[in-house]
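Heads up: the structure comes next, in structure tokens.
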Amino acid sequence: MNVVGAKWKDVHYVRSLPVNAKDPKTKKQVKQRGKFTVTMEFMKTITPFLRVGFEKEATGRSTAFNAAMSYNMKNAVKMQDQETVLDYPRVLVARGPVTPARDIHAEIIEGELQVRWNPDIEKNASPGDMAMIVVYNPAKQQSVYDLNLAKRADATAIFSLPTDWEGDTIHAYLAFKTPDGANVSDSIYILF
């Protein structure tokens with residue numbers, strides 16, 4: 001028997017060595033691989049952001065990145081013209097109990113993303129909550145982000161975009177984290 005011992009996250013286990021298996025590529029496997037590929041393409045560009053945005057979703061053996069991948073593969077992938085694609089408005093880059101922003105408005109002016117939101121405090125929101133932003137460029141498969149962009153009370157933030165992104169389609173997400181960083185809000189897709 002070909003077995004090997006391994007350890008992951010303080011869990012010791014024994015597994016069999018991989019064997020060369022035939023890969024039948026069933027429709028179900030192809031669909032699942034497509035979901036994984038399009039989700040991974042985006043998520044790998046924001047790994048440090050996800051560590052904050054999905055920190056509370058990480059449980060035992062699952063990392064924040066794993067939790068983000070799982071959530072988005074289940075909720076933010078769709079078929080479009082026989083192709084598996086991300087449904088960007090349904091993507092979450094942060095998930096948590098903090099009250100998200102309301103009445104978000106955004107526009108790009110001279111290479112800067114200018115975002116405004118309603119600063120009114122509701123439920124468990126705080127004026128000191130920090131805005132976190134992710135901007136993704138699918139054509140370049142690149143993201144830029146800031147985990148401490150502005151305070152909720154500021155009601156506005158300006159975020160510089162890479163100069164070579166001018167004219168490209170981008171997708172942006174805004175979330176808030178508590179001043180101590182212990183909790184976050186669900187991210188909100190920013191429509192332009």
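The values are calculated or read from the model by the stated rules, or taken from the named source; none is laboratory data. The model shown is predicted, which means the values in this text are computed figures rather than measured ones. We place every Cβ from the backbone using ideal geometry, glycine too, and count neighbours over all the protein chains shown.
Points worth noting:
- Against the conditions (1) surrounded by fewer than 17 Cβ atoms within 10 Å (Cβ to Cβ); (2) more than 21 Å from R95 (Cα to Cα), D146 satisfies every one except (2).
- Test set (1) closer than 30 Å to V11 by Cβ; (2) modelled with pLDDT under 95 - G96 fails condition number: (2)
- Candidates in the range 47-61 are the residues that are in contact with a Lys or Arg (Cβ under 9 Å, 6 or more places away or on another chain) and over 19 Å from T178 (Cβ atoms); of these, the one that is surrounded by the most Cβ atoms within 10 Å (Cβ to Cβ) is R61.
- Residue within the range 81-92 that is in contact with a Ser or Thr (Cβ under 6 Å, 6 or more places away or on another chain), among the aliphatic types (A, V, I, L, M) and either within 20 Å of K140 (Cβ to Cβ) or surrounded by 14 or more Cβ atoms within 10 Å (Cβ to Cβ) (or both) present: yes
- Annotation note: of K31, K44, the sole residue that is modelled with pLDDT under 85 and surrounded by 10 or more Cβ atoms within 10 Å (Cβ to Cβ) is K31.
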